[in-house]
Amino acid sequence: MKIRSVKLREAHKAASNGKPSFCSVLWDQQAHHIVTASSSESAISIHDSLLPSTTPKIIHHHREGVTALALSPNSTCLASGSMDRSVKLYKFPGGEFETNITRFTLPIRILGFNKSGSLLAAGGDDDGIKLVNTVDGSIARVLKGHKGAVTGLAFDPNSEYLASVDSIGTVIIWELQSGSIIHNLKGLAPNTGSDPSVMNVLGWSPDGETLAVPGLRNDVVMYDRDTAEKLFSLRGDHTQPICFLSWSPNGKYMATSSLDRQILIWDVDQKLDIDRQKFDERICCMAWKPIGNALAVIDVMGKYGVWESVVPSSMKPPTEDIPKLQSRNSNGLLLFDEEDEEPSAHGNSSDLGEDSYHESEIPTRKRLRKHSTNDEILDEADSEDFSLFPKLDSRKTSHRVKRDKLDNIDEGDIGKATYSRLKQQEAFQPGATPLQPGKKRFLCYNMLGSITTFEHDGYSHIEIDFHDTGSGPRVPSMNDHFGFTMAALDENGSVFANPCKGEKNMSTLMYRPFGSWANNSEWSMRFDGEEVKVVAIGNRWVAAFTSLNYLRIFTDGGLQKHILSLDGPVVTASGFKDEVAFVTHSSTCLPSNDQVLEFRILNISNGTQLLRGRLPLTPGSHLTWFGFSEEGKLSSYDSKGVLRVFTNQYGGSWVPLFSANKERKSDENYWVAGLNANKLFCVICKNPDSYPQVTPKPVLTLLNLSFPLALSDLGAESLENEFMMNDMHLKQIHGRMEEMALRGLYDNELDDEAFSIEAAQDRCILRLIASCCNGDKLVRATELVKLLSLEKSVKGAIKLVTALKLPNLAERFNAILEERLLNETKGTVETTLSRPNCNESVLPNAPTSPKAKTSEFTLPSTLKAPILSAPLFTKKQKSEGAKFESGKTEDKQTSGVNEISKMHNTNVADAATKAVVSLSKVDSNLETNQHFKSSNNQNVKPGGVNQVPSNRPVNPFLKSSIK
């Protein structure tokens, strides 16, 4: 292997005693600057990477050596830690000092920003890890658990975990939302002793699936994200322990530095070192160039340089195919990412005693791993469903001003009511908290941000904060002279309103945009003898619901566009893009004291009504939250803790997706902030409070959505819930695909998502079949096998029941498979005959070219095209891609089941377990090879939508042919 020399230049002077120092180096996001620091100097240097010979910009603010650097993901904020025990923030790249954000009792060793830059983790010699809110400098949480100096920190890219390592080799994985230890792994990394220039480090892979830790055998060991199980190790020609490691931006390569003064570059997938470099001094820090093929390095004597072309040109560049994380949703997990900073402790870590977090491990949300056995899957699913999150109990009397009478009739306390009949629920603003004299309160709190107000000396002060400070605009605070009591917030602006007040008894509505080409784009409206009850905001519109049962609709410029009369008093309202949803009273309360509510959804842009119907509530409850999910699904939450989402099932139905009864604790209440497809975002409040305070900042908790299922005779409620959730998501995706097909569009990403969910559904069904066989529920197993999408999955189910010595069931499964194949053949012939004008070169079993692929599909049933009864044909082509890359998929499946048949001395349960494991491994290959399919779609415009009308059926895996 050719050895190339990397030239180093002095950035910092070596220690006067000649001893090695720990030096830091990092790039900015655009690779325009390189930042360096040394523990032997109090200066920070910002180098121009394009003109390295120019004099660097020097920052002098620390009194002692700088031991740690961190740059926010958007490269606007630089953080530094020092031997002087302080953490400072600077503007970048200017270097202007901003603040001393926190202090420690001992020197600081490591810093790290979270994905959005709103949270800074700091660790050092005092064993504690501080999570600091970079917006206001408050201490969000102090994590205690290490027994040695904390030398390495890494935020999980998926915003769930924080990993840390100390000088004695202990690795701890923390769950961010609760601050709890989920894995405490002792002795994983080397013991670095007392030398401050040698520090243990660790790092998450860019996709967040793997944690890399220096091993005890001069190697790097990879651990699983959720289970912390060892996956594999990178072991090469390092002769001494590794002292630094760094993932490439795409996660395909890794650079490791060792005490032997070598840097090795690894191909992680191949587990081979592909290049190396020998240096005169030990390299103590490295950073991959975010744009390009280069690695910045710095040694213990303060000399730095850039290793160009670090990855051979014949291999994939280190910045190609950077993983896209699901949590990068603009309103989704970024909100959780911001809320990782929720305050739960204050002051220095040394101030915390027995109340600090300790080493005890709690159950974690482990995913169903491919290698897990069936029994392990069931045991894990049964134990984890609701073990992680706090539980909800009956909500007692709250401090609400306008609804205290109503809250006294809440959740199980109906018998204590002092009156016999509920009054109609008064109007409320979603995400608002009641007025409390002398305290801050929320006018609005949603998945995007919050609006807070504080009344002092007769006037109010309003602040608007976005959870994602990186993408949300900076909105200056304002003085409120109107006394606003409600507000709504979206990406473009905010709307405020107050009740009737003053001598003229007038209510005011005000809209404040966040950006406009005009100087004076803010506007307000006054209502004489009419009071605004609820406000909503959406895409270029503002809505106000008033005491005269009017719905007033304005444009974002202030034009009064529509005035509608409502059928009854408004209860609440919410906006999403072009849609406004609102709830009104349709009649007085029932004799059972239940509210009678009605909901409507209007499309503002085209002036149509999309939906109208009765809003279901749990008996004896009232509505506490109403709004849209991140995906635009209308949702409601009542005082009994039941979350419902409106779906198109059965012509339009409300589906219960969460029940607090399974989560409740006697002293807790849930305050809902929003939801997405899988999680409910809420704040847990301690009784008697039913809503959060502004200070300390609310801690968001994510709860898994799940159907309130009956207790199954199989004891597999978690699998049944997974089955129903997958089925619901599939129907939603197919509905969106059908809508796009009607417009002549085709979305690759949507199709990939559907295929991924259906592959997961097949694996879930196979596990349910194994449970049915173990529980002697053979009829149910037969029903389940008809729901499998892949022909390979049906064959796997046959081999499974054969291994379990159930010949009658295997015969039935065979008959189902034969019927499916027969219907598939008939459907193929029918499709060919019904499309005489299609491209004749596209045959059912011919290889599909990129252009011919769209003509292979039939029109949706809504366009009265022939309905295919072939659920497997299209999927067979998809599986060809998987087969092309995985090679011996069928052989693996066959060998796996043949192995089961040889286990003469094992019981039925063990056989079922290993069979499902084998099948799960086979099916998982289909998910991992979706890029083979998507590479054939070449006629795609930006956004992944094909403008060529698609003849593809809405659901390519239709199961209608299965009787």
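The values are calculated or read from the model by the stated rules, or taken from the named source; none is laboratory data. This one's a predicted model, so the numbers in the text were calculated from it and none came from an experiment. Ideal geometry is used to build each Cβ from the backbone, glycine not excepted, and the neighbour counts take in all protein chains shown. Ligands, DNA and RNA are stripped out before the accessible areas are found, and what is left, the full protein with its side chains, is counted by its heavy atoms. Shrake-Rupley method; radii C 1.70, N 1.55, O 1.52, S 1.80 Å.
Would you mind classifying the range 24-86 by shape? Square roots of the alpha carbon gyration tensor eigenvalues, ordered a ≥ b ≥ c; an a/c under 1.5 is rounded, otherwise it is prolate if a/b is larger than b/c and oblate if not. Write out the running numbers ahead of the final one.
Numbers: a/c = 2.50, a/b = 1.44, b/c = 1.74.
Oblate is the answer for the range 24-86, as a/c is 1.5 or above yet b/c matches or exceeds a/b.
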- Just flag the trypsin sites (Lys or Arg not before Pro) in the range 71-157 sitting in loop per DSSP whose Cβ has no more than 12 other Cβ atoms within 10 Å. K147
- Which residues qualify? For E668, with a placed amide H closer than 5 Å and at least 5 residues away or on another chain, they are D393, N687
- Can you send over the carbon and sulfur percentage of the accessible area for the range 720-825, probe radius 1.4 Å, protein chains only? 52 percent
- the range 259-323 to the range 40-88: how many Å between their Cα centroids? 22 Å
- Task: Using only the Cα atoms of the range 83-165, build the gyration tensor, take square roots of its eigenvalues as a ≥ b ≥ c, and label the shape rounded, prolate or oblate: rounded if a/c is under 1.5, else prolate if a/b is larger than b/c, else oblate.
- Result: oblate
- Task: Could you do me a favour and compute the accessible area per residue for the range 565-710, 1.4 Å probe, result in Å²?
- Result: 35 Å²
- Please list, in chain and number order, the residues 5+ apart from V655 or on another chain whose amide H is under 5 Å from its amide H, with Hs placed from the backbone. V645, F646, T647
- Message: Nothing charged except the Cβ atoms of Lys and Arg (+1) and of Asp and Glu (-1): what's the magnitude of the dipole of the range 187-319 about its Cα centre? Round to the nearest 20 debye.
- Response: 140 debye
- Query: In debye, nearest 20: dipole of the range 447-563 around its Cα centre with unit charges on the Cβ of K, R (+) and D, E (-)?
  - Reply: 400 debye
- By the mean-Cβ-within-10 Å protection proxy, highest first, 51-61, 790-800 rank as 790-800, 51-61
- Query: With charges only on Cβ, +1 for K and R and -1 for D and E, what is the dipole size of the range 18-86 about its Cα centre, in debye, rounded to 20?
  - Reply: 120 debye
- Query: How big is the shadow of the Cα convex hull of the range 440-704, averaged over all directions, in nm²?
  - Reply: 15.9 nm²
- Lysine pairs in the range 430-579 with alpha-carbon atoms under 20 Å apart, 8 or more places apart or on different chains: how many are there? 4
- When all protein chains stay in place, what accessible area (Å², nearest 10, 1.4 Å probe) is found for M83? 60 Å²
- Note on the structure: For the range 94-248, whose charge dipole is built from +1 on Lys and Arg Cβ atoms and -1 on Asp and Glu Cβ atoms, the candidate among G112, I181, V132 with its Cα farthest towards the positive end is I181
